[in-house]
Number of protein chains: 2
Amino acid sequence: MRVIVPFDASDPKTRLAPVLSAQERRAFADAMLSDVLAAIDRAGHDAHVITTAEVDVPTPTTVDTRPLSTALNDALSTVDRPVAIVMADLPLVTSHTVSRLFDAEGDLVIAPGLGGGTNALVIRTPAFHVDYHGASCRKHREIADRLGLSVTECDSRRLATDIDEPADLREVLLHTDGRAARWLQDRDFSIAVSSGRVSADRKLE
Amino acid sequence: MRVIVPFDASDPKTRLAPVLSAQERRAFADAMLSDVLAAIDRAGHDAHVITTAEVDVPTPTTVDTRPLSTALNDALSTVDRPVAIVMADLPLVTSHTVSRLFDAEGDLVIAPGLGGGTNALVIRTPAFHVDYHGASCRKHREIADRLGLSVTECDSRRLATDIDEPADLREVLLHTDGRAARWLQDRDFSIAVSSGRVSADRKLE
């Protein structure tokens with residue numbers, strides 16, 4: 001399946017600013033993108049990155065600086081169905097997760113993210129368009145309902161866990177050993193357990 | 001399958017104190033427990049609640065005021081295998097989720113929670129014991145490794161989403177229509193979207 005992976009290369013992951021510098025955030029975003037592309041590749045599918053600026057990956061890329069939904073709907077208009085969209089900040093995703101997503105039936109398969117987002121879609125009909133603003137998971141269901149499409153939910157913690165905030169970093173350290181996890185470990189992030197709660201803490205010099 | 005559902009009836013859900021009174025937290029915890037028990041029942045399995053104080057549910061209950069792991073290991077010692085443990089604060093769980101969990105193979109099936117916890121287990125061997133303190137997901141894997149057990153991960157957002165903090169409430173409103181969701185709606189909680197982010201806000205008089 002053709003898999004579009006949108007990537008924000010321009011000041012990405014601003015909500016990680018409390019723990020990572022701007023340069024570090026870009027490097028960490030690159031590492032997460034690499035993990036997602038590796039999972040798609042191992043699952044036997046072809047990724048295409050739509051990025052806001054140049055990025056160094058062994059995958060076809062298109063630079064598009066327009067808003068996310070505009071860029072994606074334009075890209076969708078040029079490819080055959082089925083097509084998938086998988087976000088770039090999902091380092092917990094494995095090839096098995098990708099296969100589960102693509103094996104789900106339905107005109108539209110939605111993998112909701114935590115907080116109402118849409119972390120992955122499989123689109124099997126030409127009519128559907130995306131709208132990623134706000135509670136996009138609901139919006140995508142509404143668009144599908146208006147078009148009379150069958151919708152399946154892909155219930156995956158690994159697809160639901162997008163890494164946006166410092167509290168999310170623990171998930172990377174707990175559940176993956178890819179580039180993003182090693183990048184964090186190399187910058188002295190580790191799992192800390194206090195009062196029964198788990199956090200990802202950075203050792204300061 | 002026999003399913004043990006541990007329930008904290010004594011000052012539950014303290015991290016929801018910023019938005020709910022003590023009495024409301026207990027009522028909301030009861031509503032979440034009802035949703036979990038209904039999902040287990042609809043999936044055709046027998047739940048047994050181990051609670052720290054009396055609770056009004058149409059399910060066999062045992063009151064046990066000891067620490068969680070102690071109470072559960074004692075309960076495990078008296079039941080046949082296979083046996084499952086499903087937490088009571090998972091209102092996103094459906095009968096389909098329960099069936100997916102129980103259909104997974106392996107001596108031990110783990111459904112990790114966000115933040116390193118263990119939200120559900122299926123135990124198919126007498127040897128295994130639980131330890132819910134701290135990053136219990138890792139601990140349960142280590143215990144299984146020491147015993148030479150096969151371990152399967154159940155990758156489910158619905159099982160991973162335990163409702164502990166105000167930010168978690170949006171998941172209940174976005175993805176369920178059970179008792180817990182209706183309880184929140186009746187107390188004027190609703191989904192709010194601002195600056196592209198989603199939250200569950202309470203309308204104040």
Checklist entry - Based on the Cβ-Cβ distance from residue B:133 to residue A:15, what FRET efficiency comes out when R0 is 30 Å, to the nearest 0.05? => result 0.50
Checklist entry - Counting only residues 5 or more places away or on other chains, whose amide H sits under 5 Å from the amide H of residue A:153 once H atoms are built in the peptide plane? => result A:110
Next on the checklist: As a check on your reading of the symmetry: which chain B residue has its Cβ nearest the axis that brings B onto A, and how far is it in Å?
Outcome noted: B:157, 2
Checklist entry - Which semi-axis lengths, in whole Å and largest first, follow from the square roots of five times the eigenvalues of the Cα gyration tensor of the stretch A:117-202? => result 35, 13, 11
Checklist entry - In the structure displayed, which of A:139/B:203; A:13/B:13; A:13/A:203; B:13/B:139; A:203/B:13 lie more than 26 Å apart, Cα to Cα? => result A:13/B:13; A:203/B:13
Next on the checklist: So for the stretch B:1-76, averaging the separation of alpha carbon pairs under 8 Å that are six or more residues apart and normalising by length, what relative contact order in percent results?
Outcome noted: 34 percent
Checklist entry - Which percentage, to the nearest 5, of the DSSP beta bridges contained in the protein assembly as shown is antiparallel? => result 50 percent
Checklist entry - By how many nm would the segment from residue B:187 to residue B:150 lengthen if fully extended, with 0.36 nm per residue of separation less the alpha-carbon distance? => result 8.8 nm
Checklist entry - Antiparallel as a % of all DSSP beta bridges within chain B, to the nearest 5? => result 50 percent
Checklist outcome for this item: If each part is reduced to its alpha-carbon centroid, the stretch B:139-157 and the stretch B:1-53 end up apart, in Å, by 25 Å
Checklist outcome for this item: Listed with the fewest Cβ neighbours within 10 Å leading, B:133, A:45 appear as B:133, A:45
Item to check | Residues in the stretch A:144-158 reached by a label modelled at residue A:81 [backbone nitrogen below 18 Å; 7 Å Cα→Cβ] | outcome: A:144-154
Checklist outcome for this item: Here the whole-number average of other chain Cβ atoms within 10 Å per Cβ of B:148-158 is 4
Item to check | Exam field: residue B:194 pseudo-label spacings to other copies (7 Å along Cα-Cβ), nanometres | outcome: 3.0
Checklist entry - Can you give the relative contact order of the stretch A:2-164 as a percent, counting alpha carbon pairs under 8 Å and 6+ residues apart? => result 24 percent
Checklist entry - Say we join alpha carbon atoms closer than 10 Å with springs in a Gaussian network model of chain B; which of B:71, B:111, B:47 then has the biggest fluctuation? => result B:71
Checklist entry - Given the rule -39500 (n - 2.57) for each run of at least 4 DSSP H residues, summed and divided by the residues of the protein assembly as shown, what is its mean residue ellipticity at 222 nm, to the nearest 500 deg cm²/dmol? => result -10000 deg cm²/dmol
Checklist entry - For the protein assembly as shown, what is the convex hull volume of the alpha-carbon atoms per residue, in Å³? => result 152 Å³
Checklist entry - Between residue A:113 and residues 5 or more places away or on another chain, which pairs have amide H atoms under 5 Å apart, with H built 1.01 Å from N, and which residues are they? => result A:118, A:119
Checklist outcome for this item: Any residue on another chain or 5+ positions along whose placed amide H is under 5 Å from the amide H of residue A:7 is listed here as A:50, A:51, A:52
Item to check | Compactness of chain B, expressed as Rg and Dmax over alpha-carbon positions, Å | outcome: 16.8, 58
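Rule-based calculations on the coordinates, nothing more; no lab input. In this text the structure is predicted, and so the values were computed from the model without any measurement. All Cβ positions, even for glycine, are placed from backbone atoms using ideal geometry, and neighbour counts span all protein chains on display.
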